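What follows is a single structure, written as structure tokens, with notes after it.
A short reminder: the numbers here are calculations on the coordinates, not readings from a lab. Given the structure is predicted, the values throughout are model-derived calculations rather than measurements. Methodologically, a virtual Cβ is constructed for each residue, glycine included, from the backbone with ideal geometry; neighbour enumeration extends over all protein chains shown.
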Amino acid sequence: MEKKRSIIGLMGSLLINSILYMFINTFMVAYFYTLTNYDYKIISVFYIMSFIFILLTFLTLGKIIKNKMQVPIFRFGIVLYCIYVLTISILKENIVNYYIYLGIFYGIVQGFLWSAGHLLVNEYTNDVSNKFVSTKSMLSKTLKIIFPFIFGASIELTSFSSVATVVVVLSIIQFSFSLLIKEKDLAEAKRYSLTSFVKYLKEIKEEKIKYFYKIMFCEGIVHYLLETLVTIMIVLTFKTNISLGILTTIFSFCSIVSVYIFQRKLKNNTTVLTISTIMSVLGVILLLFNISKVTVIIYNLINNIFLIVLVNNAEEKRYSIINDYKIITKDYLAEHQVISEVSLNIARIIGYTVLFAISFFNNMLYFKILLICVSIAIIYYSRLMIKLNKN
């Protein structure tokens, strides 16, 4: 009963977090973009700083959360998130003057939330990770049918700061869900040591683990950078937040159907992964010929039907890959999640540094070259997952 209650608390907290994430990573990106007259230098620097500080926060908190303090740190991350949203609502248009500090703050927020969050998911859903991830994905996409339109219309018809009221209410609900999570009586494991864990990985020479960390690296490009590129293309093409909200709502509905069919019914099916890869790459190639309203809509439909399959598969692997390794689950759970985050954020930093570099040229050609690089990353990302499944 206690485990079920904690899983419900985790599910509720992470579902609300997915809405807040969408607000920050879709509508705030769009807001930054329009305030800077469609210049994505500031967006790039904001994310580079946030990813650096996510990484630093994970490395700092790893020792603390190994055997204790997971739930309090998770809850503190929720409180920080609320403070962060209030801060950007107060600053309004002035957020462009404080983007470096906001990036640092956002990185610390995400670091607190997820350094504990990933471990809590591991602790409570180790035997049902696929069901947990796929259910969370479907429910979050359901919520995203409603909230993108609310956010988009509110920003367009009132102001960006007016949305803060909605977000604060969501934060309170999220914190209430977190109260259902009970701190486990964690057994004393080995003393926290990344160097010992890396040494252990070298000793066992397991290809599965190596494949997984490479998948996390690709995830930083395939999921996060691509998400920002898509938001930029939508805003550049449609110009309004209402359009962004409506399109995000439609695309979320497509994702629900996709996740249910592919992730719940055809888990780890190599044919499905291959088809999803081909369609995702074709979608990107379509944008290389012409970035227009029609091609952007078609790409997003493909992205939300097929790429979501790859992303969800990778997320589930983050929690399930270690189930075959009792030493990792017993002694190195925190280290595993820290290394996963290191792989993820190094790729994110590289990707957004490239985005920052091409912003100086103000030439769509370089933007399209970056899309080609993302396509190559998608192919490699999928190839690693197929290898992992076969292994």
Quick calc, segment 33-131, dipole around Cα centre from Cβ unit charges on Lys, Arg (+) and Asp, Glu (-), nearest 20 debye, gives 240
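Quick one: order V309, V96 by neighbouring beta-carbon count within 10 Å, fewest to most. Please report the intermediate quantities before stating the final value.
Numbers: V309 26, V96 15.
Starting with the residue having the fewest Cβ neighbours, the order is V96, V309.
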Per DSSP, the loop-located chymotrypsin sites (Phe, Trp or Tyr not before Pro) within segment 348-381 having at most 10 other beta carbons within 10 Å are F360, F361
In the structure shown, of K63/K390; K210/K368; K63/K387; K68/K202; K66/K202; K136/K205, the pairs separated by more than 25 angstrom at the C-alpha atoms are K63/K390; K210/K368; K63/K387; K68/K202; K136/K205
